[in-house]
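Below is one structure; the comments refer to it alone.
Since every read-out is calculated from the coordinates, none of them should be taken as a lab result. Given the structure is predicted, the values throughout are model-derived calculations rather than measurements. Glycine also receives a Cβ, built like all others from the backbone with ideal geometry; neighbour counts cover every protein chain displayed.
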Amino acid sequence: MSDIESDPPAQSTLAIRDIVAGAYLWQIWGALGWQDIVLRYHRSRVGPFWLTISMGVTIGAIGVVYAGLFKADFAKYLPHVAIGVVVWGFISGLVNDGCSAFIGGQASIKQVRLPLSVYVYRVVWRNLIIFGHNFLIVVVVALIFDIRPGWIALLALPAILLLCLNGVWLGLLLGLLSARFRDVPQIVTNAMQVVFFVTPIIWQPDLLPNRPLVVTFNPFFYLVEIVRAPLSGESTPIRYWLTVLAVIFAGSAVALAMYARFRRRIPYWI
């Protein structure tokens, strides 16, 4: 390794170039992400809509059971759950699949010289496609319960973009850590299962009037809410957006520092 490449500022510059160059290669990671979907559901007539059907059945079951337990208005509770579960599916997919970003692309990494960030963008794009399929659930629920959010629903678009940006730094950081320590994916998967239950997805924050730490200091709550609120026709508090931006900047700083330092070791770890 040259002196330039071992210099921390130079490492950061090379890492940033890698991330930018990877973003420009959208045709490659776009094709790879689409191929992942095609191969996963090869010879299936329904294809990725199996996920949508499964999620729709789960949402319906949760709505019927928990609306009674929480004594909530079913017409308001089910849309809350539907949007929350669909958005959570996107977030958890970014987190869990981000762990395998480099491990899953090990064959290509060892044979083709590409910016390693390409494999992170591949994960984000793949999960965005799945989210697009699952979003049909939100449309159906909105039609059934006559939900008309109006123009405010367009705020969900920049919110989804912010989720994708979170997916990028998570993929860089978790993908790197998982390549080095193979227990990380299992730890993350188990942790996400716990986070699901402590995040207001199948329950409403109003049920906890004191807003304990699991809500106020739970970043996943804000990630879900900046998408759910506009789609429900509700305004999103500015502090929610600021919290998500703070998460992006803080997470990106940590991910960039780690990626700059250990990027060159990834091909050897996988």
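Summary table below
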{"quantity": "Given charges at beta-carbon only (K, R positive; D, E negative), |dipole| of the chain in Debye", "calculated": "520 debye"}
{"quantity": "Summed residue charge, Cβ within 11 Å of Pro115's Cβ, Lys/Arg positive, Asp/Glu negative", "calculated": "+2"}
{"quantity": "Helix 238-262 axis, angle to the chain major axis (alpha carbon atoms, nearest 10°)", "calculated": "20 degrees"}
{"quantity": "Protection-proxy order for peptides 32-40, 80-88, each taking the mean of Cβ atoms within 10 Å per residue, highest first", "calculated": "80-88, 32-40"}
{"quantity": "Angle between the chain longest axis and helix 74-99 axis [Cα atoms, degrees, rounded to 10]", "calculated": "10 degrees"}
{"quantity": "Tilt relative to the chain, helix 117-144 - C-alpha long axis, 0 to 90 degrees, to 10", "calculated": "10 degrees"}
{"quantity": "Likely footprinting exposure, Tyr222, Tyr66, fewest C-beta neighbours within 10 Å first", "calculated": "Tyr66, Tyr222"}
{"quantity": "Fewest-first ranking of Glu234, Glu225, using other Cβ atoms within 10 Å as the exposure measure", "calculated": "Glu234, Glu225"}
{"quantity": "Charge context of Ser232, other residues only, Cβ under 11 angstrom, K/R +1, D/E -1", "calculated": "+1"}
{"quantity": "Residue-averaged 222 nm ellipticity for the chain, from DSSP H runs of 4+ at -39500 (n - 2.57), nearest 500", "calculated": "-25000 deg cm²/dmol"}
